[in-house]
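Take a look at the structure set out below.
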Amino acid sequence: MAPLQAYAQAELAVFQNRFGDAFAILDSLLAQYPNNELEDDVEYLKAQIYFKKQEYQKAAEMYQLILDKYKEEIKADNALFELAQLNEIQLNNKEKAKELYEKLFIEYSGSTFAVEARKRFRILRGDKIQS
């Protein structure tokens with residue numbers, strides 16, 4: 001099975017809440033096709049599964065892995081935004097969230113998340129924001 005096909009099957013399994021199957025497919029994909037272009041997508045999907053399972057610490061670790069290992073890839077800004085939101089809402093670590101939002105709008109200024117990250121940063125900083 002080609003990597004993209006396997007990834008699509010994993011996404012379908014996630015959609016059907018068959019997380020064990022999705023993890024098996026994703027791990028198999030990484031083992032069979034090391035260093036392929038989908039690695040950051042695979043790790044991102046794993047993070048999303050952990051989030052859906054409410055395993056927030058594991059999700060945070062996966063998002064951090066993407067930032068450490070794939071910071072130039074397409075999912076990096078997504079992972080950074082998700083990690084910031086995770087810290088702000090689920091993990092209740094407002095200072096860490098503020099740092100991450102700031103990093104996003106500075107280092108990934110072209111990201112579609114940059115405007116929202118700046119807004120969230122300013123709210124966490126205590127600025128008065130007009131709706």
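Each residue in the range 108-123 was checked for being surrounded by fewer than 18 Cβ atoms within 10 Å (Cβ to Cβ), over 16 Å from the mean Cα position of the chain (by Cα) and in contact (Cβ under 8 Å) with a residue 24 or more places away in the chain, and 0 pass. LYS98 meets the stated requirement of being surrounded by 19 or more Cβ atoms within 10 Å (Cβ to Cβ) and farther than 25 Å from ASN17 by Cα.
Looking only at the range 9-38, filter to residues that are acidic (Asp, Glu) and assigned to a helix (DSSP H, G or I); which one of those is nearest to LYS75 (Cα to Cα)? My answer is GLU11. Among the residues of the range 5-18, the ones that are within 18 Å of ALA31 (Cα to Cα) and surrounded by 13 or more Cβ atoms within 10 Å (Cβ to Cβ) come to 6 in all.
Taking the stated definitions as given, is GLU43 surrounded by fewer than 20 Cβ atoms within 10 Å (Cβ to Cβ) and either within 13 Å of the chain's Cα centre (by Cα) or charged (D, E, K, R) (or both)? Against the criterion (surrounded by fewer than 20 Cβ atoms within 10 Å (Cβ to Cβ) and either within 13 Å of the chain's Cα centre (by Cα) or charged (D, E, K, R) (or both)), GLU43 does not qualify. Criterion applied to ALA31, ALA22, ALA13, ALA6 was being over 23 Å from GLU107 (Cα atoms) and out of contact with any helix residue (DSSP H, G or I) (no Cβ under 9 Å at 6 or more places or on another chain), and the one residue passing it is ALA31. When residues in the range 93-123 are screened for being of a type in the set (A, V, I, L, M, F, W, C) and either assigned to a loop (DSSP other than H, G, I, E, B) or modelled with pLDDT under 95 (or both), 2 of them pass. For ASN17, the conditions (1) at negative phi; (2) modelled with pLDDT of 95 or more; (3) not hydroxyl-bearing (Ser, Thr, Tyr) all hold with the exception of (1).
The values are calculated or read from the model by the stated rules, or taken from the named source; none is laboratory data. Just so it is clear, the structure is predicted and the values come from calculations on it, not from any experiment. Please note: Cβ atoms are built from the backbone with ideal geometry, for glycine as well, and neighbour counts cover all protein chains shown.
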